[in-house]
Amino acid sequence: VIFNDSKTGSFEVAKEIAKLIRKKQEAGKKCVLGLATGSSPIKVYEELVRMHKEEGLSFKNVVTFNLDEYYPMERNNIQSYHYFMHQHLFDHVDIDPANVNIPDGTVSPDKLQKYCRSYESQIEKAGGLDFQLLGIGRTGHIGFNEPGSHFNSATRDITLDHITRVDAAPAFKGLENVPRKAVTMGIGTIRKAKRIVLLAWGQNKSEIVRETIEGEISSEVPATYLQEHSNATFVLDKEAAAHL
Ligand code: GLP
């Protein structure tokens, strides 16, 4: 779906999420959301916060699982995805902190595999992801599933691609400060979501958006695996859609 600008697209996505939360609430059920970081989802979170404050949208029945976190990474570091999520969403809504799950960048290396398996089983225990929000990296990564990621991959630690680290360098005030690794949900984890919405804004994303939507399905562009999902939508602005 192509919108004139990111604001209009983000509002539509926020509306869909709010509708799902309310529908689950009415049915007395939990709503399990897979959430993303980066600049792409910021306006979606802003709109959800506005709906909470002005329209009484409650997050009491919402359980969240974030896609990824840098590794190693302290929670209170301003570059952490923990910090990002609290700053943009969790600190402004009535979600139960016990229902918030973000990969932990402080787990010791010897415990990491076990930790990743438990993250995966927490998602399953919650009943699976009802909705997964995604951005896309210029390498075609979703979460931090860099080129080479297997379509059945699960939550694991991964080495970041050079392009990804270059893109993150300004936020870390220099490439040398960008972590080399991350913990990410796998492609397999994401594919199991009942509904997937990927956001891409701006000309910078237009080439990878074209490859993802029109290219052959390949582990070289992990986002192409979404072509096979039965309920995935790409929400784009005109600039991101320019090469389609
Ligand atoms: C990071 C995140 C991804 C995100 C990507 C794009 O690498 N791990 O989940 O999709 O950045 O970021 P942005 O939305 O800022 O372009």
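If you go through segment 212-228 and pick out every residue that is under 19 Å from Asn145 (Cα atoms) and either surrounded by fewer than 17 Cβ atoms within 10 Å (Cβ to Cβ) or of a type in the set (Val, Ile, Thr) (or both), you end up with 11. Could you tell me whether any residue of segment 219-240 is away from the ligand (no atom under 15 Å from the Cβ) and of a type in the set (A, V, I, L, M)? The answer is no; no qualifying residue exists. If you go through segment 50-71 and keep only what is surrounded by fewer than 17 Cβ atoms within 10 Å (Cβ to Cβ) and not hydroxyl-bearing (Ser, Thr, Tyr), you end up with Arg50, Lys53, Glu54, Glu55, Gly56, Lys60.
Filtering Leu236, Leu244, Leu199 for residues that are in a loop (DSSP other than H, G, I, E, B) and farther than 18 Å from Tyr70 by Cβ leaves a single hit, Leu244.
Summed over segment 11-36, residues that are in a strand (DSSP E or B) and touching an Asp or Glu at 6+ places or on another chain (Cβ under 9 Å) total 4.
Taking the criterion of being charged (D, E, K, R) and either near the ligand (Cβ under 10 Å from one of its atoms) or over 17 Å from Ala232 (Cβ atoms) (or both), the residues of segment 184-209 that qualify are Lys205, Glu207. In segment 197-212, the residues that are touching a residue at least 24 places away in the same chain (Cβ under 8 Å) and over 20 Å from Ser230 (Cβ atoms) reach residues that are more than 8 Å from the ligand (Cβ to nearest atom) and part of a helix (DSSP H, G or I) with C-beta atoms within less than 8 angstrom, at least six apart or across chains, in these pairs: Ala200/Ile208; Ala200/Val209; Trp201/Ser6; Trp201/Gly9; Gly202/Ser6; Ile208/Ala223; Glu211/Thr224.
Please go through segment 117-136 and pick out each residue that is within 16 Å of the ligand (Cβ to nearest atom) and either at pLDDT below 95 or part of a helix (DSSP H, G or I) (or both). Result: Tyr119, single match. Does segment 91-106 hold any residues that are out of contact with any Ser or Thr (no Cβ under 7 Å at 6 or more places or on another chain), surrounded by fewer than 19 Cβ atoms within 10 Å (Cβ to Cβ) and not acidic (Asp, Glu), and which are they? Those that are out of contact with any Ser or Thr (no Cβ under 7 Å at 6 or more places or on another chain), surrounded by fewer than 19 Cβ atoms within 10 Å (Cβ to Cβ) and not acidic (Asp, Glu): His92, Val93, Pro97, Ala98, Thr106. Checked against the criterion of being out of contact with any helix residue (DSSP H, G or I) (no Cβ under 7 Å at 6 or more places or on another chain), assigned to a helix (DSSP H, G or I) and at pLDDT 95 or above, the candidates Thr106, Thr8 yield just one match: Thr8. Inclusion of Glu120 among residues that are closer than 21 Å to Leu134 by Cα and not small (Gly, Ala, Ser) is warranted. The residue of segment 18-55 that is farthest from the ligand (Cβ to nearest atom), among those that are closer than 20 Å to Leu67 by Cβ and among the acidic types (Asp, Glu), is Glu47.
Given the condition more than 27 Å from Asp237 (Cβ to Cβ) and β-branched (Val, Ile, Thr), answer yes or no: does some residue in segment 63-72 qualify? Yes, segment 63-72 contains at least one residue that is more than 27 Å from Asp237 (Cβ to Cβ) and β-branched (Val, Ile, Thr).
The values are calculated or read from the model by the stated rules, or taken from the named source; none is laboratory data. Remember, predicted model here, so these are calculated numbers, not experimental data. In this analysis, Cβ positions are derived from the backbone assuming ideal geometry, glycine residues included, and neighbour counts consider all displayed protein chains.
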